[in-house]
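The values are calculated or read from the model by the stated rules, or taken from the named source; none is laboratory data. Owing to the predicted nature of the structure, the values given are computational and were not obtained by experimental measurement. All Cβ positions, glycine included, derive from the backbone under ideal geometry; neighbour counts span all protein chains shown.
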Amino acid sequence: MSEEAREQKHLKAKFPRFRTKGITGTQLSGGVITGKERNASLTGLNWISEAEEMLRTDPIVRRSWFMLKQTLLSASWRFEPGIENDPVAEELARFMNECFGFDGYSTQMSMSFEDQLAYLLEFIPIGYRYAEEVYRVGVDSQGKARIFLDHFADREPSAHNRWLSRDNQHLDGVLQNIVGMTHIPEPIPANKLLLLTLNRTGSNFEGVGMLRPVWWYWRTKQRVSNLMCVGVDRWAIPTPVVKVDRAVAESIGLTDGDIDAMIDDAEAQAQAFISTEQSYLVQNGAVSFDTFAAQPNLYASAPIDIIRLCDAQISAAFLAQFADLGNTETGAR
């Protein structure tokens, strides 16, 4: 290599590499994120539907998330100058506090920031949520015309269709599903979005919500509860058994026709008893009743222990184990 070539190579090494060579690793094809979730039934809108059902139907899930959410909502907010004793930084902080209604200012938003947090924080259990930024022109406390952020318009994940990305790496916007027949939503550009994502890596804009680690315990709890209820429904009322004593029937001279008639009558009584149309049974020496039922411990103890274990795991995922103090033989509330 000549001296001039070595010098040129040395000069090139002094400059940074501006061009990227790698990728994020997230599979984003056609606006759908794949490869991050192994359970295909827990991706896209399927996961949104499952997570919303968990929050609506399970009291332990709802309680655990409610406690965490109330803790987050109890925080106080305020913008502070990034540089002390700097007039520009202090004015920017003052303006932002006035926009959001912090530090004693009356908000310029159409609704309080805390009220908006009540739905914005819902990204935590599911994994993501985005809102559309809505602006307006107004006058600030010093009489100057300004452009204010009016509010973050909530956009529920259940209306999400796909992520818009020209290079399958960076977010350019979102497209929503048509809900009803009154309005067709337009694509929302990324610079008009507030995207909230929990545990985001690479280009996985959907993240991983706090409900995902407890889904197996929630589903197991549902299965066990359903089986236990089936067992209770099946065995709570003993099954009547019709017994025929042939020796007694012969001793009193009953014919086969008489015995068949008694059995039919006993069967009708049993059906009326099971359907609660009749609260008693009439029997005789030849045809009587017995009961058949499973032992209670076959469907009562073990399932309840499993349900308690699932509840404990759900509470632990939300750091809400303290809510179970006093509910067992140890600990006190």
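So the values come out like this:
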item: Flag if Tyr135 is among the hydroxyl-bearing types (Ser, Thr, Tyr), closer than 28 Å to Glu206 by Cβ and under 30 Å from the mean Cα position of the chain (by Cα); result: no
item: Scan of segment 238-258 for residues that are more than 22 Å from Tyr280 (Cβ to Cβ) and part of a helix (DSSP H, G or I), ordered by number; result: Arg246, Ala247, Ala249, Glu250, Ser251, Asp256, Gly257, Asp258
item: Some residue of segment 113-122 being charged (D, E, K, R), touching a helix residue (DSSP H, G or I) at 6+ places or on another chain (Cβ under 9 Å) and modelled with pLDDT under 95; result: yes
item: Residues (among the β-branched types (Val, Ile, Thr) and within 16 Å of Leu73 (Cβ to Cβ)) located in segment 118-150; result: Ile124
item: Filter result (farther than 30 Å from Arg166 by Cβ, of a type in the set (Lys, Arg) and out of contact with any helix residue (DSSP H, G or I) (no Cβ under 8 Å at 6 or more places or on another chain)) within segment 190-241; result: Arg219, Arg223, Arg234
item: Condition broken by Gln283, with the remaining ones in (1) in contact with a Phe, Trp or Tyr (Cβ under 6 Å, 6 or more places away or on another chain); (2) under 30 Å from Tyr128 (Cα atoms); (3) assigned to a loop (DSSP other than H, G, I, E, B) satisfied; result: (2)
item: Residue list for segment 39-53, filter: modelled with pLDDT under 95 and farther than 14 Å from Gly127 by Cα; result: Asn39, Ala40, Ser41
item: Residues satisfying the stated conditions in segment 189-237, i.e. outside any helix (DSSP H, G or I), over 20 Å from the mean Cα position of the chain (by Cα), more than 20 Å from Asp154 (Cβ to Cβ) and not hydrophobic (A, V, I, L, M, F, W, C); result: Thr201, Gly202, Ser203
item: Listing of helices (runs of 4 or more DSSP H) fully contained in segment 33-120 that carry 1 or more residues being without any contact (Cβ under 8 Å) to a residue 40 or more places away in the chain and over 21 Å from the mean Cα position of the chain (by Cα); result: 87-100, 113-120
